[in-house]
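First the structure, in the form of structure tokens, and then the observations on it.
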Ligand SMILES: Nc1nc2c(ncn2[C@@H]2O[C@H](COP(=O)(O)OP(=O)(O)OP(=O)(O)O)[C@@H](O)[C@H]2O)c(=O)[nH]1
Ligand SMILES: [Mg+2]
């Protein structure tokens, strides 16, 4: 749920990175954080376990610039991917404006991707979102690894809605900003329609 | 109340009224910092000694905190815990929910007390609740009348591309 502030001439949007455990959600945010100029970013907050698994969420506030005299801010969140953190995932989805589904391209994570996507749909529906309409993009991550499924295969299974889909290697940053841009575009276009 | 997909909108007039109420609460409760956060973690307004504070992070963590305790409340059959209090060595945080959807955060030290903060927050919440209800009504009316088109009604793909340069 975006927040339009006429008093400070700002617009805030919330984007959530979703996906199975270890698919690279936190890595996406870390790359964005590292490559963004000081003046355009706030502190990145990671509520994580001692082994760096996300426990509650990562949070990264970005100020991208102005559109029509309004400062455009994006608040990026990741959810914890591990199955048993479902209660936390539901909380983080509240008020979301756009979702990035980060899929792990490795063959052995095929089922985990499907399970996580189903879980996303359930949780969005439970929050009253129309899963056919919410701004949504899919990132096929870890394309650098040898044991990956083909894009055709992944797309056929995960991308029923035919939303924008991007290949990425979050570790090197390939595709990371392209993904953010794709979802930001959908979110802003959605605002344009008054959503 | 707004549905999950509608935007929260803040106008100049209401923003000024909210600031006045927050400043009054700051004075009357002898506290250090007060801020208002949307349940989704977006900062609405802040007053007091905010210069050295990372208010964006504070807002996000406060909302996470309220969301998590709200989840706990549901598990034990409560609707929500409407007040949270964290006691530190020097500073304390009092968090409460106003009008069901905004979070009021008061940071205070030994110059004030939990009792005083509680009392003043209770009073201020009523006034703040009124302003937010009016804000919701106003937003709905503007949406119906179409008088105030969204500033984003005319954005182009180029505008969006430019954000990333
Ligand atoms: N080879 C390779 N490894 C990656 C890539 N992206 C992330 N990783 C690695 O995958 C591991 C998990 O990444 P995280 O970003 O912590 O995963 P996550 O999705 O946040 O995991 P949870 O917090 O448990 O949900 C780390 O060791 C990353 O370095 C990638 O594109 N290629
Ligand atoms: Mg993570």
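Every residue, every condition in (1) within 16 Å of ligand 1 (Cβ to nearest atom); (2) at the interface with chain B (Cβ under 7 Å from one of its Cβ atoms), yes or no:
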| position | (1), (2) |
| --- | --- |
| A:14 | no, yes |
| A:25 | yes, no |
| A:32 | yes, no |
| A:50 | yes, no |
| A:56 | yes, yes |
| A:67 | no, yes |
| A:81 | yes, no |
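Residues that are under 17 Å from the mean Cα position of the chain (by Cα), at least 1 per element: which strands (runs of 3 or more DSSP E) completely within the range A:1-82 meet that?
Because the criterion is at least 1 residues that are under 17 Å from the mean Cα position of the chain (by Cα), the strands (runs of 3 or more DSSP E) in the range A:1-82 that meet it are A:10-18, A:45-48, A:54-67, A:70-78.
Mind checking whether some residue in the range A:83-93 is more than 18 Å from residue A:182 (Cα to Cα) and within 11 Å of ligand 2 (Cβ to nearest atom)?
yes
So which residues in the range A:172-186 are in contact (Cβ under 8 Å) with a residue 40 or more places away in the chain and more than 12 Å from the chain's Cα centre (by Cα)? Break it down into steps so the answer makes sense when it comes.
Of all residues in the range A:172-186, those in contact (Cβ under 8 Å) with a residue 40 or more places away in the chain come to A:173, A:176-177, A:179-180, A:182-184, A:186.
Once the filter is applied, which keeps residues that are in contact (Cβ under 8 Å) with a residue 40 or more places away in the chain and more than 12 Å from the chain's Cα centre (by Cα), the range A:172-186 yields A:173, A:186.
Provide a single number: the residues in the range A:1-43 that are within 16 Å of ligand 2 (Cβ to nearest atom) and modelled with pLDDT under 95.
Summing the residues that are within 16 Å of ligand 2 (Cβ to nearest atom) and modelled with pLDDT under 95 in the range A:1-43 gives 0.
(1) assigned to a strand (DSSP E or B); (2) more than 14 Å from ligand 1 (Cβ to nearest atom): which one isn't true of residue A:90, the others all being true?
(1)
Starting from residues that are away from ligand 2 (no atom under 16 Å from the Cβ), part of a loop (DSSP other than H, G, I, E, B) and more than 10 Å from chain B (Cβ to nearest Cβ), keep the ones in the range A:124-143 and report whichever is surrounded by the most Cβ atoms within 10 Å (Cβ to Cβ).
Residues of the range A:124-143 that are away from ligand 2 (no atom under 16 Å from the Cβ), as a first pass: A:124-138, A:140, A:143.
Now drop any that are not part of a loop (DSSP other than H, G, I, E, B), which leaves A:127-135, A:143.
Next cut, more than 10 Å from chain B (Cβ to nearest Cβ) only: A:131-132, A:135, A:143.
Working: A:131: 14, A:132: 8, A:135: 24, A:143: 17.
Among them, the one singled out is A:135.
Yes/no matrix, rows are residues, columns are (1) in contact with a strand residue (DSSP E or B) (Cβ under 8 Å, 6 or more places away or on another chain); (2) over 27 Å from residue B:113 (Cα atoms); (3) at the interface with chain A (Cβ under 7 Å from one of its Cβ atoms); (4) crowded, with 16+ Cβ neighbours inside 10 Å:
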{"residue": "B:8", "(1), (2), (3), (4)": "yes, yes, yes, yes"}
{"residue": "B:14", "(1), (2), (3), (4)": "no, yes, no, yes"}
{"residue": "B:20", "(1), (2), (3), (4)": "no, no, no, no"}
{"residue": "B:35", "(1), (2), (3), (4)": "yes, no, no, yes"}
{"residue": "B:40", "(1), (2), (3), (4)": "yes, yes, yes, yes"}
{"residue": "B:43", "(1), (2), (3), (4)": "yes, no, no, yes"}
{"residue": "B:51", "(1), (2), (3), (4)": "no, no, no, no"}
{"residue": "B:71", "(1), (2), (3), (4)": "no, yes, yes, no"}
{"residue": "B:76", "(1), (2), (3), (4)": "no, yes, no, no"}
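Among (1) within 13 Å of ligand 2 (Cβ to nearest atom); (2) exposed (fewer than 15 other Cβ atoms within 10 Å of the Cβ); (3) at pLDDT 90 or above, which single condition is residue A:51 missing?
Only one criterion in (1) within 13 Å of ligand 2 (Cβ to nearest atom); (2) exposed (fewer than 15 other Cβ atoms within 10 Å of the Cβ); (3) at pLDDT 90 or above is unmet by residue A:51, namely (3).
Of all residues being surrounded by fewer than 17 Cβ atoms within 10 Å (Cβ to Cβ) and assigned to a loop (DSSP other than H, G, I, E, B) in the range A:174-195, which is farthest from the other protein chains (Cβ to nearest Cβ)? Just the residue, please.
A:193
Has the range A:101-119 got at least one residue that is in contact with a strand residue (DSSP E or B) (Cβ under 8 Å, 6 or more places away or on another chain) and within 14 Å of chain B (Cβ to nearest Cβ)?
There is no residue in the range A:101-119 that is in contact with a strand residue (DSSP E or B) (Cβ under 8 Å, 6 or more places away or on another chain) and within 14 Å of chain B (Cβ to nearest Cβ).
List pairs: first residue in the range A:51-64 and over 20 Å from residue A:20 (Cα atoms), second residue more than 13 Å from ligand 1 (Cβ to nearest atom) and in a strand (DSSP E or B) anywhere in the structure, Cβ distance under 6 angstrom, at least six positions apart or on different chains.
Within 6 Å, the pairs are A:61/A:75; A:62/A:41; A:62/A:74; A:63/A:73; A:64/A:72.
Would you be able to say whether some residue in the range A:95-105 is part of a helix (DSSP H, G or I) and within 14 Å of ligand 1 (Cβ to nearest atom)?
Among the residues of the range A:95-105, not one is part of a helix (DSSP H, G or I) and within 14 Å of ligand 1 (Cβ to nearest atom), which makes the answer no.
Test each condition in (1) surrounded by fewer than 18 Cβ atoms within 10 Å (Cβ to Cβ); (2) within 16 Å of ligand 2 (Cβ to nearest atom); (3) under 30 Å from residue A:67 (Cβ atoms) for residue A:168 and report the one that comes out false.
Of (1) surrounded by fewer than 18 Cβ atoms within 10 Å (Cβ to Cβ); (2) within 16 Å of ligand 2 (Cβ to nearest atom); (3) under 30 Å from residue A:67 (Cβ atoms), only one is false for residue A:168: (1).
The values are calculated or read from the model by the stated rules, or taken from the named source; none is laboratory data. Computed from a predicted structure; not experimentally measured. As a convention, Cβ positions derive from the backbone with ideal geometry for all residues, glycine included, and neighbour counts pool all protein chains shown.
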